[in-house]
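Read through the structure below, which is laid out as structure tokens, and then see the notes.
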Amino acid sequence: MAKQDGILIAGGGPVGVLTGLYLARHGIPVTVFDKAPKPPEDHRAATLQPSTLDLFDELGLTGPILEQGFKSPHFQWRDRVTHEIVAEFDYGRLSSVSNHPYVIQLEQHKTVNITLAAANAHPDFVLHRPVEVLAVRQDADGAECDVQHEDGRVETFRGRYLIGCDGGRSIVRKTIGSSFDGFTWPERFNIVSTPVDLGALLGFRLRNYCSHPERWVSLMKVPGEDGKGLWRCVFPAKTEESDEEVMSDGWIAARFEECLGVTPEVVHRNMYNVHQRVAGSFRNGRIVLAGDAAHVNNPIGGMGMNSGFQDGITLARKLIDIWKGADADALLDRYDRQRRLTAIEYVQAQSIANKRLLEEKDPEVRRQRLDDLRRTCEDPVKHLEFVKRGSLVAMWEKSEQIE
């Protein structure tokens, strides 16, 4: 058995690596385990909110992210029925509460690689990959995990605490017996990417949401591997449409033509189910959850990864205090209160509201909701509150106030 007086982290995705970096910078030994040989480059989260950029300043991550990403100071809500821009929100309104009043569009694996480069500079940070976490357990003095290497060899690691950052199917969450309350949306999402510049062609901002009772679409621009830009379009699939049909060239071409009036080259497609769930508890003794292991949501609004970063930094700060002798139960219980409540109140509520606004079918309800959005945009006070909520600045403020 490998003896280690440190923190174990199951999951080397964005939240796991960030949490490990924060702890290692404060001299706490961290061992991270991930089953992927390298950060997956499939099309996952790509939005870094102002609240995240502010928190990343302390870690020296914001500069490299700004260098690689696309800066998006605005986002639009459009109505595909009337072909009008209903509202255009301005992150510049956040200048009084954020050092970064804009969103950065950057693919998740690039954010992970930037974070990993910073973490690997610290001798107290160790990442094992590809290994699979088979089991976790705890006792009065610490926590353990069994990991399997590629050659089949199983090794046991021990630390003072263990953090589960191992995704929506988290073995850590299942081990501590925490529920995962919520639901799965009936339709699937298909993310389709094209190098054709839809912004220049159709006048889009870098982030856009186009509502329609049957065929809505959200689209954003990311740098792509060559830095020239890719447009990611999210199309919902109807329940009666088969997976094979939704992934076909014909279905994708029909969605582009129907929603955007173009039939561009397609370089990537990825279909997935969409969940809205929050763990019943974020901690059990010396085992704690963060990121997707603790909560998952639909991607409309770019909140999932960013709220996970807030989890990781909140938890890391508490573990640092515990390392120095503070009351562990009191701090970890507060972490549970802070992050679980705000996950429900902000990420779940806002992402559900975003999706329902995009797809509302009742003509009168739809008109009222879009009119409300328009009035929100036109009112300076409401405009600011809207972007504070959407950027998770309000979430962070609320979390920090919870005792």
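Given the criteria at pLDDT below 95 and part of a loop (DSSP other than H, G, I, E, B), does P186 qualify?
Numbers: at pLDDT below 95: yes; part of a loop (DSSP other than H, G, I, E, B): no.
So P186 does not fit the description; no.
Picking from D329, D372, which residue would you name as being of a type in the set (D, E), surrounded by fewer than 22 Cβ atoms within 10 Å (Cβ to Cβ), without any contact (Cβ under 8 Å) to a residue 24 or more places away in the chain and more than 19 Å from I176 (Cβ to Cβ)?
Values: D329 fails: more than 19 Å from I176 (Cβ to Cβ).
Result: D372 is the single residue among D329, D372 that is of a type in the set (D, E), surrounded by fewer than 22 Cβ atoms within 10 Å (Cβ to Cβ), without any contact (Cβ under 8 Å) to a residue 24 or more places away in the chain and more than 19 Å from I176 (Cβ to Cβ).
Out of region 153-178, which residues are within 11 Å of H295 (Cα to Cα) and either polar (S, T, N, Q) or not in a loop (DSSP other than H, G, I, E, B) (or both)?
Residues satisfying the conditions are S170, R173.
Within region 162-193, can you find the residues that are among the polar types (S, T, N, Q) and either surrounded by 22 or more Cβ atoms within 10 Å (Cβ to Cβ) or touching a His at 6+ places or on another chain (Cβ under 7 Å) (or both)? Reasoning before the result, please.
Step one: of region 162-193, the residues among the polar types (S, T, N, Q) are 170, 175, 178-179, 184, 190, 193.
Across region 162-193, the qualifying residues are S170, S178, T184, S193.
So, in region 333-392, how many residues would count as being among the aliphatic types (A, V, I, L, M), part of a helix (DSSP H, G or I) and either touching a Phe, Trp or Tyr at 6+ places or on another chain (Cβ under 9 Å) or over 28 Å from P73 (Cβ atoms) (or both)?
So the first thing to find is which residues in region 333-392 are among the aliphatic types (A, V, I, L, M), and the list is 341, 343-344, 347, 349, 352-353, 357-358, 365, 370, 373, 381, 384, 387, 392.
Right, trim to part of a helix (DSSP H, G or I) and you get 341, 343-344, 347, 349, 352-353, 357-358, 365, 370, 373, 381, 384, 387.
In the following step, the residues that additionally are either touching a Phe, Trp or Tyr at 6+ places or on another chain (Cβ under 9 Å) or over 28 Å from P73 (Cβ atoms) (or both) were identified as 341, 343-344, 357-358, 365, 370, 373, 387.
So the answer is 9.
Before we move on, is A143 within 19 Å of I7 (Cα to Cα) and surrounded by fewer than 22 Cβ atoms within 10 Å (Cβ to Cβ)?
Values: within 19 Å of I7 (Cα to Cα): yes; surrounded by fewer than 22 Cβ atoms within 10 Å (Cβ to Cβ): no.
Answer is no for this residue.
Per-residue answers, yes or no, for (1) closer than 30 Å to Q338 by Cα; (2) touching a Pro at 6+ places or on another chain (Cβ under 8 Å):
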residue: M220; (1), (2): no, no
residue: C233; (1), (2): no, no
residue: E245; (1), (2): no, no
residue: F256; (1), (2): no, yes
residue: H295; (1), (2): yes, no
residue: G302; (1), (2): yes, no
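Here's the yes/no breakdown for (1) crowded, with 18+ Cβ neighbours inside 10 Å; (2) among the basic types (K, R); (3) touching a residue at least 40 places away in the same chain (Cβ under 8 Å):
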site	(1), (2), (3)
E265	no, no, yes
R283	yes, yes, yes
I287	yes, no, yes
H295	yes, no, yes
Q310	yes, no, yes
I313	yes, no, yes
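The values are calculated or read from the model by the stated rules, or taken from the named source; none is laboratory data. Nothing here was measured: the structure is a model prediction, and the numbers come from that model. Counting neighbours? That spans all protein chains shown, and the Cβs are built from the backbone with ideal geometry, glycine included.
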